[in-house]
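The structure appears right after this line, and notes come after that.
The values are calculated or read from the model by the stated rules, or taken from the named source; none is laboratory data. Keep in mind the model is a prediction, meaning the values are calculated, not measured. Every residue, glycine among them, receives a Cβ derived from its backbone with ideal geometry; neighbour counts consider all protein chains shown.
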Amino acid sequence: MKVLVTGAGGFIGSRLAKKLILEGHEVYGTIHDSPSQVEGMQIINADLTNDEFEIPDVRFDVVFHLAAATPLVKDKKKQKRINYDGTVNLFNKIKDKTEFIIYASGLGVFGNPNGTVDEQSPIKPDTDFVKIRLDAQKFLENSCKENNIGFSVCYFGDVYGDGSWFTEMVVKKLKSGMMKTPGKGDYDKCFIHVDDAVGILISIAKNNLRDQAYVCADSTSVTFKEFVDYTADKIGAKHAGGVPMFLAKGVLGGDLVKLLTTPMKISNKKISEVYNFVYPSYEEGINSILDS
């Protein structure tokens, strides 16, 4: 396949590009702030918020759109510029160069759900960050229909792995005794190892699973505190204490804290029919990181 990965300098994007290259695919990747660590990738230096960037005259079998600002970006105008305007600019550059776009989103689109989430659950985002991301998704979906382009979306749980928020904000802070969870940490969360996130994206592309939505996280239900405590036990660190919500919001921002502390349980039945998880539980995923 000839593929384009946006956000190829990011945590998921760089690993996706590496995996695709190892499988023998021809990979192009957009890079903006982060230098590329992916050997063999054809780099496109592009700021998607500036519509003057250029995409090579190549016909892509699939475009993986991963480039996005995270909730750590508190400036709402900047969020919109990157997550929505950047998506519009990208589509205008690739609409005649591909027949399939895969969009990476998150479980935050389901807001504060009542019960177990699956692909039929109502979309009801309750943060500005997610509303902007959803607007970008709807733009892509509608534009793809108008241009006869396949479109699929993955709603990922919290993606963790070596070199992510997991090592920076959990492992390192546990080792230093500085780790704190917003509130008591007793809210259910859904996690997915980055290797499985990458594997899912590639499986959707290889199997040409167009016009689909997938809820993507591993098969275990766990609270954030249990996730952090398991990590602490693995590295011989003390369990993390809690911090009042208002203090957490002051440091991390209201949207991020809300996304982090909203309870979420999912069914991954649909994605499990087309992909076999390498790490079907958070314990196995954490072990693979820390043991290596």
With region 235-289 as the region, which helices (runs of 4 or more DSSP H) entirely inside it contain at least 3 residues that are over 15 Å from K189 (Cα atoms)? 245-252, 269-272
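Would you call G177 out of contact with any helix residue (DSSP H, G or I) (no Cβ under 7 Å at 6 or more places or on another chain), under 14 Å from P280 (Cα atoms) and in contact (Cβ under 8 Å) with a residue 12 or more places away in the chain? Explain how you work it out, then say what you get.
Values: out of contact with any helix residue (DSSP H, G or I) (no Cβ under 7 Å at 6 or more places or on another chain): yes; under 14 Å from P280 (Cα atoms): no; in contact (Cβ under 8 Å) with a residue 12 or more places away in the chain: yes.
Answer is no for this residue.
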Would you confirm, using the coordinates I've provided, whether Y187 is under 28 Å from L16 (Cβ atoms) and in contact (Cβ under 8 Å) with a residue 40 or more places away in the chain? no
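Every residue, every condition in (1) of a type in the set (K, R); (2) more than 23 Å from the chain's Cα centre (by Cα); (3) in the same structural domain as D128 (by TED's automatic domain parsing); (4) modelled with pLDDT of 85 or more, yes or no:
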| residue | (1), (2), (3), (4) |
| --- | --- |
| F227 | no, no, no, yes |
| A237 | no, yes, no, yes |
| G242 | no, yes, no, yes |
| L247 | no, yes, no, no |
| L259 | no, no, no, yes |
| T262 | no, no, no, yes |
How many of the residues in region 137-182 are over 19 Å from the mean Cα position of the chain (by Cα) and in the same structural domain as G111 (by TED's automatic domain parsing)? 9
Are there any pairs with C-beta distances below 9 angstrom linking a residue in region 110-133 that is in the same structural domain as K80 (by TED's automatic domain parsing) and of a type in the set (F, W, Y) to a residue that is assigned to a helix (DSSP H, G or I) and modelled with pLDDT of 95 or more, with the two at least 6 apart or on different chains, and if so which? F129/N83; F129/G108
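Hey, could you check region 21-56 for residues that are of a type in the set (A, V, I, L, M), touching a helix residue (DSSP H, G or I) at 6+ places or on another chain (Cβ under 7 Å) and modelled with pLDDT of 90 or more and say which is surrounded by the most Cβ atoms within 10 Å (Cβ to Cβ)? Even if it seems obvious, please write down each step before you answer.
First, pick out the residues of region 21-56 that are of a type in the set (A, V, I, L, M): 21-22, 27, 31, 38, 41, 43-44, 46, 48, 55.
Right, trim to touching a helix residue (DSSP H, G or I) at 6+ places or on another chain (Cβ under 7 Å) and you get 27, 38, 41, 48, 55.
Of the ones still in play, those that are also modelled with pLDDT of 90 or more are 27, 41, 48, 55.
Values: V27: 25, M41: 21, L48: 23, I55: 18.
Per the stated criteria, the residue is V27.
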Condition check for D188: closer than 28 Å to A69 by Cβ, surrounded by fewer than 16 Cβ atoms within 10 Å (Cβ to Cβ) and either within 19 Å of the chain's Cα centre (by Cα) or among the β-branched types (V, I, T) (or both): yes
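Identify, please: which residue in region 267-283 is closer than 25 Å to A232 by Cβ and surrounded by 15 or more Cβ atoms within 10 Å (Cβ to Cβ) and is, among those, farthest from the chain's Cα centre (by Cα)? Before you say what the answer is, go through the steps one by one.
Just the residues of region 267-283 that are closer than 25 Å to A232 by Cβ, to begin with: 277-283.
Narrowing the set further to residues that are surrounded by 15 or more Cβ atoms within 10 Å (Cβ to Cβ) leaves 277, 279-283.
Details: F277: 16, Y279: 17, P280: 17, S281: 18, Y282: 16, E283: 20 Å.
In this case the residue turns out to be E283.
What number of residues in region 117-136 are among the small types (G, A, S), closer than 24 Å to K189 by Cα and within 16 Å of the chain's Cα centre (by Cα)?
Residues meeting the conditions: 0.
D255: buried (at least 19 other Cβ atoms within 10 Å of the Cβ) and not assigned by TED's automatic domain parsing to the domain that holds P125, yes or no?
Numbers: buried (at least 19 other Cβ atoms within 10 Å of the Cβ): yes; not assigned by TED's automatic domain parsing to the domain that holds P125: yes.
Considered against the rule, which asks whether it is buried (at least 19 other Cβ atoms within 10 Å of the Cβ) and not assigned by TED's automatic domain parsing to the domain that holds P125, D255 comes out as yes.
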